[in-house]
């Protein structure tokens, strides 16, 4: 993904890959683990070379520090610049601690999380929750309304029916699909602003924040870095959502490379980011094939089936939360419907990678 000569303190490109909100298929998981190992090996090598380099940068120049941690089922990686390493270490560790906190709050894989408590009890009676979780769910429902249901945090039953929650993917029976569709719909989530309660107006509804929580965790990590005085950093959530804070020394922006949706060892395009976020959703990390047709984890909640006709979508936004939600929205809507609705949302640019006969893919850029 990253070549050794590119991992330099003056220019650090990151490769961004499609989001994975639930466990991948065995093949995709092995591929992802290899990528993680590859990245971490190069990070270690660069740090070792830097430490042994007799031509080290003068003390007055900014230093580079990296840290990473597995959280929310992916690797969160942080690169920061500053004049003193101890404060940088402290800032990076605090940012990663904040990611862990969001995971404990919003994971539907952790039985003890507040989100899991809501999923267990909210169909019985209103559940009072922490203000942060309440406000976040309210924001999720806003994306659902504004996308006319293309984004829906009640999609969990569909993910399970199609086998993407903890498995490799499978074709559900008609009865299974009908049962799952009967349990989804953001309209069934009732919020009480005054009491900060969440209620489901029918049994079987549950919340799955996998399509947006990683981006929110990135934003929270950025906020912590700012509180520690960091002004130059790059934060990556598994390579699927990246936020660029400021720019690296001597550069006007961070360089981020978007992976080719067909030939995964190639780069499709490169974008420059400064105080902005990039998120990608794609079909090639979690999918199964049946009778020559690919079914990915990116669901269209309105049809109850995986969205078709798009290989991947990259979205440039002002924050990770909106990017994490909107890459799914635009993937489901497709080019023309996204073009017509772009002004509804905060995205400044959407890059579509579409299947094209006789080519690897076609790239279509939609801007405001």
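Every number in this text was worked out from the coordinates using simple rules, so none of it is lab data. A quick note: this is a predicted structure, and the numbers were derived from the prediction, not measured. So basically every Cβ, Gly included, is an ideal-geometry build from the backbone, and we count neighbours across all protein chains shown.
Computed as a quarter of the hull surface, the mean projected area of the alpha carbon convex hull for the stretch 114-200 stands at 6.2 nm².
Compactness ratio for the stretch 276-368: Cα radius of gyration over 2.2 N^0.38 Å (N = residue count) comes to 1.06.
Binning the alpha carbon pair distances of the stretch 302-341 at 5 angstrom intervals from zero yields the distribution 5, 24, 29, 25, 13, 3, 0, expressed in whole percent. From least to most packed, judged by other beta carbons within 10 angstrom and beginning with the fewest, 353, 136 follow the order 136, 353. Distance from the alpha carbon centroid of the stretch 173-228 to that of the stretch 324-368 works out to 24 angstrom. Model label points for residue 340 and residue 182, set 7 angstrom from Cα along the Cα-to-Cβ axis, are 3.3 nm apart. Shape descriptor for the stretch 233-337: Rg over Rh equals 1.02 (Cα atoms; Rh from the Kirkwood inverse mean 1/r). Two numbers describe the Cα atoms of the stretch 119-167: Rg and Dmax, which are 13.0, 33 Å.
Maximal additional length on extending the residue 305-residue 293 stretch stands at 3.0 nm, based on 0.36 nm per residue less the C-alpha distance. Counting every other Cβ atom within 10 Å of each residue's Cβ, 83, 188 order from fewest to most as 83, 188. Semi-axis lengths, largest first, of the ellipsoid equivalent to the stretch 180-262 are 37, 19, 7 Å, with √(5λ) applied to each eigenvalue of the Cα gyration tensor.
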